[in-house]
Amino acid sequence: MKLKKHWNGQYGKSAFIKNGTLGMIELDMLKLREGEQKHYYETDNKEYGLIILGGKCSVVGEGFAFEHIGKRKNVFDGPAASVYLPRNCDFTVTAEEGEVEIAVAKCPAEKDFPPKLVNPEDVIIKHLGKDGWKREAHFNIDERLDANLIYIGEAWTEGGMWSSYPPHKHDDNNMPEESFMEELYFYRFDKPTGFGIQRVYTKEGDIDETYTVKNDDAVEIPRGYHPCTCAPGYKLYYLWIMAGKIRGFNMTTDEDHKWLNK
């Protein structure tokens, strides 16, 4: 089972994650040069979540105009600006003041909700974990926004630390403890030589994958536990994109490692 993918960083729109192991999540990478002003999207029957990785842009469609959004130079420069767009809501992205990079997530949609801009100051920031597995988690397109399936945030992990640890999963509908949510991680490091380790495994053993991840890699998480770690001396960023009918952080911990939460 091949869960790891790599984006080559090319300009324009790249259909990065599509027709893989995930049934609800697709991901485009949109990179526009300075002077390359516009890119047009037709959403059809999918809802979209745009996370501005770096740069400034405008996102405009019929009945809405989110202009001059994005305050950070890159993913290590503070919280992101984000945009939620419903199905059948065509829009145009215009690059402003130089180059812009945007992660464009898509999920199937059956209901209509209004477009929504989430400014950096609106992002919910949480510091999770303890010594050995600390991370800073940002919640961008979350329960505060009406949506069908899509649920997006970002996280940062210091070198030598683990994240998504103790290992947790969200692949069963067993509320209030757990809901089924697919997930996708997209990685960046603060130095070009940075790297980390991502594991994806199930208790049954039908999935048991371990990958070295570097800049612009992504790993699909259709099911199972998914801890990761960052090599000492570097800082890891990952964009996490989740999708499910019950949106939220409803998860259970690997029984073998529950004692770590005590």
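The values are calculated or read from the model by the stated rules, or taken from the named source; none is laboratory data. Everything numeric in this text was worked out from a predicted model, so none of it was measured. Every residue, glycine among them, receives a Cβ derived from its backbone with ideal geometry; neighbour counts consider all protein chains shown.
Numerical summary
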| read-out | value |
| --- | --- |
| Residues of the range 1-23 satisfying the condition of being among the β-branched types (Val, Ile, Thr) and assigned to a loop (DSSP other than H, G, I, E, B) | 21 |
| Count of the range 49-68 residues which are touching an Asp or Glu at 6+ places or on another chain (Cβ under 9 Å), of a type outside the set (Asp, Glu) and closer than 18 Å to residue 116 by Cα | 10 |
| Residue in the range 9-29 that is basic (Lys, Arg) and more than 19 Å from residue 152 (Cβ to Cβ) present | no |
| Residue in the range 24-49 that is modelled with the lowest pLDDT, counting only those that are in contact with a Pro (Cβ under 8 Å, 6 or more places away or on another chain) and not in a strand (DSSP E or B) | 43 |
| Residue check, residue 220 of a type in the set (Asp, Glu) and within 19 Å of residue 23 (Cα to Cα) | yes |
| Residue 5 being touching an Asp or Glu at 6+ places or on another chain (Cβ under 6 Å), basic (Lys, Arg) and at pLDDT 90 or above | no |
| Qualifying residue in the range 157-167 (condition: more than 30 Å from residue 208 (Cβ to Cβ), touching an Asp or Glu at 6+ places or on another chain (Cβ under 9 Å) and surrounded by fewer than 20 Cβ atoms within 10 Å (Cβ to Cβ)) | no |
| Listing of strands (runs of 3 or more DSSP E) fully contained in the range 67-182 that carry 3 or more residues being under 17 Å from the mean Cα position of the chain (by Cα), modelled with pLDDT under 95 and of a type in the set (Phe, Trp, Tyr) | none |
| Every residue from the range 125-142 that is surrounded by fewer than 18 Cβ atoms within 10 Å (Cβ to Cβ), in contact with an Asp or Glu (Cβ under 7 Å, 6 or more places away or on another chain) and more than 18 Å from residue 159 (Cα to Cα) | 125 |
| Leading residue by the ranking (surrounded by the fewest Cβ atoms within 10 Å (Cβ to Cβ)) among those in the range 102-123 that are within 12 Å of residue 80 (Cβ to Cβ) and touching a residue at least 12 places away in the same chain (Cβ under 8 Å) | 121 |
| Residue in the range 207-218 that is more than 14 Å from the chain's Cα centre (by Cα), hydroxyl-bearing (Ser, Thr, Tyr) and closer than 20 Å to residue 129 by Cβ present | no |
| Scan of the range 196-224 for residues that are in a strand (DSSP E or B) and either more than 25 Å from residue 75 (Cα to Cα) or at pLDDT below 95 (or both), ordered by number | 201, 208, 209 |
| Hey, residue 237 aromatic (Phe, Trp, Tyr), in contact with a Phe, Trp or Tyr (Cβ under 8 Å, 6 or more places away or on another chain) and assigned to a strand (DSSP E or B) or not | yes |
| Residue within the range 54-74 that is in contact (Cβ under 8 Å) with a residue 60 or more places away in the chain and among the small types (Gly, Ala, Ser) present | no |
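Let's see how each residue does on (1) among the acidic types (Asp, Glu); (2) more than 17 Å from residue 155 (Cβ to Cβ):
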residue	(1), (2)
178	yes, yes
196	no, no
205	no, yes
227	no, no
231	no, no
